[in-house]
1. Name the residue, out of 135, 176, that is at pLDDT 65 or above and either closer than 30 Å to residue 89 by Cα or more than 19 Å from the chain's Cα centre (by Cα) (or both).
2. Between a residue in the stretch 143-166 that is within 18 Å of residue 36 (Cα to Cα) and part of a strand (DSSP E or B) and any residue that is modelled with pLDDT under 95 and of a type in the set (S, T, N, Q), which pairs come within a Cβ distance under 6 Å, given they are 6 or more apart or on different chains?
3. Please specify each residue of the stretch 35-69 satisfying the condition of being in contact (Cβ under 8 Å) with a residue 40 or more places away in the chain and more than 28 Å from the chain's Cα centre (by Cα).
Amino acid sequence: MLVNNKILLNGRAYDWGSIIIQIKGIPVIGVSAISFSEVQNTQNLYGTGLYPVHTAFGKIVPSASITLQSEEIFALQNIARDGILQNIPKFDIIISYMVFNYFGTVISELNSFDSAKSMEDAFIQDNNLPRTIVLKNCRFVSNGQSINQGDMSISYTYDLNLTHIIWDFNDYVQSLQAVI
């Protein structure tokens, strides 16, 4: 892996096999895709002259979807009132990116920036370490399935309604602890 013109020996990129997804605090293995983003409305503000003098920032709109295999769909429908996914109360989805060393052991200790000699060293040390993203207050917006002739597995993509995304849960927890 090349980072800032330095090669990291035995470097491993994040991949599908390195993530753990939890719904309502329970690890879910029947997920074949998850997608999430936040878009912020921005607008250039003009004064005198031909070019913008300021930028205005509007609301942030989060979006997410998840593709579940039928076993996970049935398990969620079993806890939903009347089997309707939209009846499940708001829940968080936790996506943890685990990093494995050369021997397949999870690396769990984050290096602190204070111990780094420079910003570049900190980036190289912390770039591929465990990271957690949290999709907050999710709700399913539909309940359905799609089954086609010849399917070897049955899955369905559900759009989610959510309030926001915590992009770096580790830093978020540390900032809360600093306040206490």
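1. The conditions single out 135.
2. Note: pairs meeting the criteria are 156/145; 156/146.
3. Correct list: empty.
The values are calculated or read from the model by the stated rules, or taken from the named source; none is laboratory data. These figures come from a predicted structure and were not determined experimentally. No Cβ is skipped: glycine too gets one built from the backbone with ideal geometry, and neighbour counts run over all protein chains shown.
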